[in-house]
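Trainee: I have a structure here, written as structure tokens, and I will follow up with some questions on it.
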Ligand code: NAD
């Protein structure tokens, strides 16, 4: 079995922790690698490496930092398929899904190459007679990223390109379930010319996370993962006065109005609910049908498409949906289908009956696409984030009922409305209390030059991630007020805020 290492000070690093866990190939169910679960000493080594590199990197001009990122982006484009294969081998998602993930990550790297522009400060002349003021954005120091399994390359790239562009050094604690993509990113950053120690990877679980939060040299924490852990990371980090952004879970609703293009809505629901086996924080897991007629039409059109989904390993190009991440998660998703049935929801397509018949893949973590009708808000399949290919249809009588339903949910990451009516669409975008909204767009993930973040229990902290919000998160503002008395002009009266 291949044993993975941490990546510290520009090279693989074998830590001192005796703990490790297997990394599975979800397509076959085989444990193929072992990942070390770092302890406080391993985290300490990663932070020390980043701290030692900070002085040099923070003083490197933004333009030179941007050039390193530019070379990194070129490497990523060139080796996109290699990275996608590494992702699929541990996550299970199809090659197309993995390629898409890498593209979205590269876009953030490209955004971060604009660092010289993004870091420009502001200047006010004559704030007092002969007195001027300017502001600058300075990096924080060593910052840490803690990331989930579902986008093992993209979510780290939501964080570190912007953090590095701003002059910080970085410690990444990737998901222990699919840790290899982060190691490739680390190697390629070094190859792009990033000085050693500026970017480090330490593997692990709770112990490593707790050690990062407790470490006095870590100045900020970016977290993406489930809501209970996001809440925990936020509480622990703020308690020790660290800057923190913690993005959590989701339950995203797609409202289908009676005037919507139903074929377009169905095709959007198929991609948004079953792409990546539903393991996306922006997956649509609830279809809100406004009227029984819309619900009946949706069910009639979705059922045959879900039954026809080609479910298989990423290695087979015809696969449209891969397995789930682990056997444990597979059991969890199936138990939600049990619970939905027991609670009285109408099970239209039952993914539990799916059996992988392809030779060599019988033990993979597969479940079929699942469709429930007549789901009601008190059911656990509605309330909880299942994070699998399970779509719940909730029937509503009106636009207002649909809006109230969305507002009653604790999560508020993304949502969408499908309609041909501009007035309804505009009202929805104005009124809905959700962070990311699509109009006839099912997964409205903001581009790299906007910022990503939900509302309510989908985020803890004040900053969304990447884009200009990322620049604000990874910098702090300093304002300098200046005068140069020379005796050659009228001597300024320096009694602020007197201006004349
Ligand atoms: P997770 O919360 O289990 O793990 C996320 C990270 O936290 C991992 O690095 C893990 O090692 C660490 N961790 C796990 N248990 C911990 C503990 N007890 N204490 C401290 N750290 C701990 O999430 P996951 O299952 O890897 O990812 C799926 C979740 O991530 C879903 O809820 C999904 O919605 C969410 N997610 C959210 C976004 C977003 O932008 N809002 C994006 C992607 C994924």
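We did not get these values from a lab; they are worked out from the coordinates using the rules stated. If you're wondering where the values come from, they're calculated on a predicted model, not measured in any experiment. Methodologically, a virtual Cβ is constructed for each residue, glycine included, from the backbone with ideal geometry; neighbour enumeration extends over all protein chains shown.
Trainee: Do you know the relative contact order of segment 140-186, to the nearest whole percent, from alpha carbon pairs under 8 angstrom that are 6+ apart?
Mentor: In percent, rounded to a whole number, it is 49.
Trainee: Here's a follow-up. Please rank 274, 111, fewest neighbouring Cβ atoms within 10 Å first, as an exposure proxy.
Mentor: Starting with the residue having the fewest Cβ neighbours, the order is 111, 274.
Trainee: Related question: If a/c stays under 1.5 just call it rounded; otherwise compare a/b with b/c (prolate if a/b is bigger, oblate if not). Do that for the chain, with a ≥ b ≥ c from the square roots of the Cα gyration tensor eigenvalues.
Mentor: Since a/c reaches 1.5 but b/c is at least a/b, the shape of the chain is classed as oblate.
Trainee: A follow-up question, please. For 398, 58, what's the fewest-to-most ordering of other Cβ within 10 Å of each Cβ?
Mentor: By the 10 Å Cβ count, ascending, the order reads 398, 58.
Trainee: Using the Cα gyration tensor of segment 395-500, with a ≥ b ≥ c the square roots of its eigenvalues, what is the shape: rounded (a/c below 1.5), prolate (a/b larger than b/c) or oblate (neither)?
Mentor: Cα axes put segment 395-500 in the prolate bin.
Trainee: Mean residue ellipticity at 222 nm from the helices of the chain, using -39,500 (n - 2.57) per DSSP H segment of n ≥ 4 over the full residue count, to the nearest 500 deg cm²/dmol?
Mentor: After summing the helix terms and dividing by the residues of the chain, the value is -12000 deg cm²/dmol.
Trainee: Helix 154-165 sits at what angle to the longest principal axis of the chain, using alpha carbons and giving 0 to 90 degrees rounded to 10?
Mentor: Compared with the principal axis, the helix lies near 10 degrees.
Trainee: Could you grab the relative contact order for the chain? Cα pairs under 8 Å, six or more apart, rounded to a whole percent.
Mentor: Here the relative contact order equals 19 percent.
Trainee: Of the peptides 10-19, 402-411, how do they stack up when ordered by the mean number of other Cβ atoms within 10 Å, highest first?
Mentor: Highest to lowest by the protection proxy: 402-411, 10-19.
Trainee: Taking every DSSP beta bridge with both residues inside the chain, roughly what % is antiparallel (nearest 5)?
Mentor: 40 percent
Trainee: Is the shape of segment 31-130 best called rounded, prolate or oblate, per the rule: a/c under 1.5 gives rounded, else a/b larger than b/c gives prolate, else oblate, with a ≥ b ≥ c the square roots of the Cα gyration tensor eigenvalues?
Mentor: Note, shape of segment 31-130 comes out oblate.
Trainee: I'd like the antiparallel share, as a percent to the nearest 5, of DSSP beta bridges with both residues in segment 252-439.
Mentor: Once the DSSP bridges in segment 252-439 are tallied, antiparallel ones form about 10 percent.
Trainee: Which residues in segment 375-417 place their backbone N less than 15 Å from a point set 7 Å from the Cα of residue 296 along the Cα-to-Cβ direction?
Mentor: Residues passing the 15 Å test: 395-396.
Trainee: In what sequence, highest mean first, do 378-387, 199-208 appear when ranked by Cβ atoms within 10 angstrom?
Mentor: 199-208, 378-387
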